Amino acid sequence: MKKSIKENKTEQTLGLTVTRENNFSEWYTQVIQKAELADYTKVSGCIVFRPYSYAIWEKTKDFLDKKLKKSGVKNVYFPLFIPESLLCKEEEHVEGFSPEVAWVTQAGNSKLSEKLAVRPTSETIMYDTYAKWVRSHNDLPLRLNQWCNIVRWEFKYAVPFLRTREFLWQEGHTVFATKKEADEEVREILDYYASVYEDLLAIPVIKGKKSQKEKFAGADYTTSVEVFLPNGKAIQGATSHCLGQNFSKSFEISFLDRDEKRKHPWQNSWGFTTRSIGIMIMMHGDDKGLVIPPNVAPTQIVIIPILFKKNKETVLKAANEIKKSLNKYEVYLDDREAYSSGWKFNEWELKGVPIRIEIGPRDIEKKQAILARRDTGEKKPVPFKKIKDEVKKTLEDIQKNLFKKALECREQAKVTVTSWDEFMRAAENKKLIYAMHCGETECEDWIKDKTKGVKSLNMPFDAKEPEGNCVHCGKKAKYWMFFGKSY
């Protein structure tokens with residue numbers, strides 16, 4: 001079929017024009033736009049989640065939501081607007097968020113009697129209500145979660161999915177009678193977050209506790225899952241916080257315990273965001289575009305029939321039969337005639353679809369189809385009768401291979417250092433640095449300043465007791481800690 005000039009131009013501009021290694025930032029920008037994941041708007045720092053990225057979020061959301069509900073967490077929804085008086089009730093919390101809050105001061109032509117914050121997080125508005133709901137030990141535990149949007153008016157450079165002024169997330173807010181229950185849930189939720197990354201997105205994480213400097217404002221302590229990316233930067237994947245009794249005292253949440261004494265409960269908050277999509281893109285993508293793990297792919301298999309006028313119907317019939325045999329998967333049959341087969345190959349590679357099945361007249365003669373896997377580029381003929389089994393096996397193998405590759409990348413970048421000179425060399429080489437630290441905020445500030453941005457990530461749960469001195473200041477070390485430049 002003869003193509004128009006317009007179609008030829010489209011084919012020429014479909015692919016990426018930079019490599020991931022030479023210009024990571026531009027590569028990322030091109031991937032999210034050309035793979036139709038996101039688009040920009042006239043509101044600075046805000047993006048459109050196009051159907052392809054939103055489908056990834058829906059799969060992620062469903063996976064996590066099932067885990068939360070099985071654990072006994074129930075979903076709710078609280079208002080988007082938070083009165084200033086509530087936000088100011090917890091001073092340490094407000095201090096941590098005040099530069100990021102967007103305010104509503106007017107409705108129509110009337111000025112509001114009290115400013116309303118556009119939800120930067122929901123602790124304050126939810127806990128004001130919890131004070132009415134919690135009366136006795138019989139009301140506990142209270143374990144609620146909401147899926148919603150968040151607005152944080154950061155004036156830093158926006159990175160789609162990773163750092164935007166508005167994003168989507170879930171925020172869990174729970175109340176317990178005892179510290180033991182709260183501590184146990186903090187780790188339970190963090191395990192769920194680790195499972196999303198490792199089992200769904202094929203991304204290895206480091207589970208640990210944040211330093212005092214990096215913990216959530218108003219929390220007793222913060223735990224996190226941290227990811228190290230191929231470009232030499234780390235990123236916080238999700239957090240689970242123990243709030244202690246800080247908020248329950250500020251918001252006058254109390255309960256009558258079994259011993260007939262009135263007490264303040266222990267609280268947690270935890271959240272997982274659409275940042276995970278950006279992390280997945282950066283972790284697995286290559287110079288052809290996206291590489292999406294099968295467990296989260298909106299389209300797991302694309303079937304591309306090689307069409308000629310003479311035997312078009314025969315090929316389409318065979319392609320549809322293959323599609324029908326794979327109905328347990330997310331399959332798309334690309335039978336568009338306005339584009340060449342080669343153009344379609346490039347498009348679906350750009351979109352990161354795990355498996356491509358090609359079928360043409362010669363394949364039908366041989367009773368086979370060609371199966372191509374996105375992660376390795378390997379192509380092989382598969383007999384019709386074995387396609388179902390081969391697809392199942394290949395999808396499982398792609399999922400495992402992507403995780404293995406990501407883990408190897410991280411382990412190759414990880415270095416253990418014991419001196420400041422070693423630390424500085426590792427920082428210059430964009431390594432994931434493991435070192436002993438004193439735990440003091442001032443020392444962390446010095447490290448970040450001297451290394452132009454290297455900061456603490458977390459203290460892994462499986463770390464051994466440190467036997468030595470802080471890598472920077474020389475004081476007695478309290479923790480083994482991961483450091484790195486991060487988003």
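Exactly one residue among Glu154, Glu214 is among the acidic types (Asp, Glu), at pLDDT below 95 and either closer than 27 Å to Ala117 by Cα or surrounded by fewer than 17 Cβ atoms within 10 Å (Cβ to Cβ) (or both), and that residue is Glu154.
Let's see how each residue does on (1) in a strand (DSSP E or B); (2) in contact (Cβ under 8 Å) with a residue 40 or more places away in the chain:
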| position | (1), (2) |
| --- | --- |
| Ser85 | no, no |
| Gln106 | yes, no |
| Ile125 | no, yes |
| Asp128 | no, yes |
| Lys132 | no, no |
| Asn138 | no, no |
| Arg143 | yes, yes |
| Glu154 | no, yes |
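Output yes when any residue across segment 262-275 is more than 18 Å from Pro160 (Cα to Cα) and at pLDDT below 95, and no when none is. No; the residues of segment 262-275 include none that is more than 18 Å from Pro160 (Cα to Cα) and at pLDDT below 95. Considering (1) under 30 Å from Arg336 (Cα atoms); (2) in contact with a strand residue (DSSP E or B) (Cβ under 7 Å, 6 or more places away or on another chain); (3) modelled with pLDDT of 95 or more, the lone condition that Tyr40 does not fulfil carries the number (3).
Taking the criterion of being over 19 Å from Cys148 (Cα atoms) and either surrounded by 19 or more Cβ atoms within 10 Å (Cβ to Cβ) or of a type in the set (Ser, Thr, Tyr) (or both), the residues of segment 103-126 that qualify are Thr105, Ser110, Ser113. A residue that is crowded, with 18+ Cβ neighbours inside 10 Å, aliphatic (A, V, I, L, M), in contact with a strand residue (DSSP E or B) (Cβ under 6 Å, 6 or more places away or on another chain) and farther than 30 Å from Phe161 by Cβ can be found somewhere in segment 304-315.
The set of residues in segment 364-374 being over 22 Å from Asp286 (Cα atoms) and either touching a residue at least 40 places away in the same chain (Cβ under 8 Å) or of a type in the set (A, V, I, L, M) (or both) consists of Ile364, Ala369, Ile370.
Regarding Glu378, is this residue under 28 Å from Pro204 (Cβ atoms) and surrounded by fewer than 17 Cβ atoms within 10 Å (Cβ to Cβ)? Yes.
Among the criteria (1) assigned to a loop (DSSP other than H, G, I, E, B); (2) farther than 30 Å from Val31 by Cβ; (3) of a type in the set (A, V, I, L, M, F, W, C), the one Ala318 does not fulfil is (1). Taken over segment 39-61, residues that are more than 15 Å from the chain's Cα centre (by Cα) and under 21 Å from Lys344 (Cα atoms) amount to 3. Does Phe423 count as aromatic (Phe, Trp, Tyr), in contact (Cβ under 8 Å) with a residue 40 or more places away in the chain and closer than 21 Å to Gly285 by Cβ? Against the criterion (aromatic (Phe, Trp, Tyr), in contact (Cβ under 8 Å) with a residue 40 or more places away in the chain and closer than 21 Å to Gly285 by Cβ), Phe423 does not qualify. All of (1) closer than 30 Å to Asn246 by Cβ; (2) buried (at least 16 other Cβ atoms within 10 Å of the Cβ) hold for Trp27 with one exception: (1). Counting just the residues of segment 444-487 that are under 15 Å from Glu226 (Cβ atoms) and aromatic (Phe, Trp, Tyr), which one comes out modelled with the lowest pLDDT? Only one residue tops the list, namely Tyr487. For Gly377, are the conditions met, namely being among the small types (Gly, Ala, Ser) and without any contact (Cβ under 8 Å) to a residue 60 or more places away in the chain? When the stated conditions are applied, Gly377 passes them. Screening Ile364, Ile355 for residues that are surrounded by 15 or more Cβ atoms within 10 Å (Cβ to Cβ) and over 27 Å from the mean Cα position of the chain (by Cα) leaves exactly one candidate, Ile364. Exactly one residue among Ser276, Ser248, Ser254 is surrounded by 24 or more Cβ atoms within 10 Å (Cβ to Cβ) and in contact with a helix residue (DSSP H, G or I) (Cβ under 8 Å, 6 or more places away or on another chain), and that residue is Ser276.
Within segment 266-285, can one find any residue that is among the basic types (Lys, Arg) and either out of contact with any Leu (no Cβ under 8 Å at 6 or more places or on another chain) or more than 21 Å from Ala202 (Cβ to Cβ) (or both)? No, because not a single residue in segment 266-285 is among the basic types (Lys, Arg) and either out of contact with any Leu (no Cβ under 8 Å at 6 or more places or on another chain) or more than 21 Å from Ala202 (Cβ to Cβ) (or both). Within segment 157-186, if we keep just the residues that are in contact (Cβ under 8 Å) with a residue 60 or more places away in the chain and among the basic types (Lys, Arg), the residue that is nearest to Ser44 (Cα to Cα) turns out to be Arg165.
The values are calculated or read from the model by the stated rules, or taken from the named source; none is laboratory data. What you see is a predicted model, and the numbers here were worked out from it, not measured in a lab. In this analysis, Cβ positions are derived from the backbone assuming ideal geometry, glycine residues included, and neighbour counts consider all displayed protein chains.
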